[in-house]
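Here is the structure we will look at, set down as structure tokens.
What follows draws every value from the coordinates through simple rules; no lab data is involved. Treat the numbers as computed from the prediction; the structure is a model and nothing was measured. Every residue, glycine among them, receives a Cβ derived from its backbone with ideal geometry; neighbour counts consider all protein chains shown.
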Amino acid sequence: MVTLAVSNLAWMGHDEKEYLPVLLESGVTGIEIAPGLAFGDNPTRVPGHVSRKYARDLQELGLTIVGLQAIFFQCPDIHLISTGAEQRKFVDHCKAVVDLCAEVGGKSMVIGAPANRKLRGETLGAAVAIAAGNLRLIGDYAAQRGTYFTIEALPASACCEFICNLADATDLVRLVDSPGVRGHLDTGAACFESEEATVLPEDLGHVHVNDFLMQCPTDNASQRRWANRVLESYQGVVSIEMRAAPHENERQLRQAIQVTKQLYCL
């Protein structure tokens, strides 16, 4: 059985305390956090006692932080495909993210963010080699702290230049060959790109459920195919990743939870 979580992006711009009861009433036990929403600017510099208290307060309610996403938010100078001083900046930032994830008891950290993984003039072959080397560095560190990064495939239509489909993501995970770098499935992106629900990403570590562009997930044939495939061999976290709605956001969140529970037999 999978574990259901909801990303705090679902109530961005709203008071979090108003939405936690919705999760509990709906049987949700996990929260995925965008660190900037939970801890403000420079979240990787938040003192450990502050991040631990945040996680502890959630645990007392019956909610567990499962991992982090949006880890490059407002970090335009952090680049996956980087060398020299820029590589050190990327590695240092990611290690700080790992430390934060470990402090709050999370496991997964999603590498999405098309703007932070542009080719930047490199050939595709060179970009793969550079990215693999950088991911191996941060992946090994993550594994030491009991956490891992997941590689999210995002389509070119989302302005992504690198790792635009599940096959490329799987190849990269294999090349990195680190216990701290695992596969990722975003059902919205996979459905939008009409990816065949035949093989799950290599060493699947996290699943995002949404309709493309982070809309509320719907019960349709494509989502059902991916849900069935996930349920065959995966027992990790399935996290609803959706943007807050401008109107009736609580109703939308409840609907998203209901649909996801139906899709994943929860």
What are the membrane-span-like helices in the chain by this rule: whole DSSP H runs, Cα extent along the axis at least 27 Å, mean Kyte-Doolittle hydropathy at least -0.5? 84-103, 124-144
Between N228 and C265, what length comes free when the chain is fully extended (0.36 nm per residue of separation minus the Cα-Cα distance, one decimal in nm)? 12.4 nm
Listed residue (F73, T170, N42) projecting farthest to the positive dipole end of region 3-263, Cβ model: N42
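Hey, with R₀ at 30 Å, roughly what FRET efficiency would R45 and M12 work out to, going by the Cβ-Cβ distance, to 0.05? Display every interim value, and only then the final one.
Working: r = 21 Å, r/R0 = 0.70.
The computed FRET efficiency comes out at 0.90.
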Summing -39500 (n - 2.57) over every DSSP H run of at least 4 in the chain, dividing by its residue total and rounding to the nearest 500, the 222 nm mean residue ellipticity is -13500 deg cm²/dmol
Rounded to the nearest Å, the spacing of the alpha-carbon centers of region 101-150 and region 1-75 is 21 Å
Below 15 angstrom from the Cβ of V237, what's the summed charge of the other residues (Lys, Arg +1; Asp, Glu -1)? -2
Residues T150, T123, T29, T170, sorted so that the one with the fewest Cβ neighbours within 10 Å comes first: T123, T29, T170, T150
So, in nm, how far is label A115 from label T198 when the simple model puts each one 7 Å beyond its Cα toward the Cβ? 3.6 nm
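I need S108, S233 ordered by Cβ neighbour count within 10 Å, fewest first.
Least crowded to most crowded, the residues run S233, S108.
Would you work out the Kirkwood radius for region 3-263? I mean one over the mean of 1/r across all pairs of different Cα atoms, in Å.
18.4 Å
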Compute the distribution of all C-alpha to C-alpha distances in region 1-150, in bins of 10 Å from 0, and list the percent of pairs in each, rounded to whole numbers. 11, 39, 31, 15, 4, 0
The local net charge around H208, scoring Lys/Arg +1 and Asp/Glu -1 for residues other than H208 whose Cβ lies under 13 Å from its Cβ, equals -4
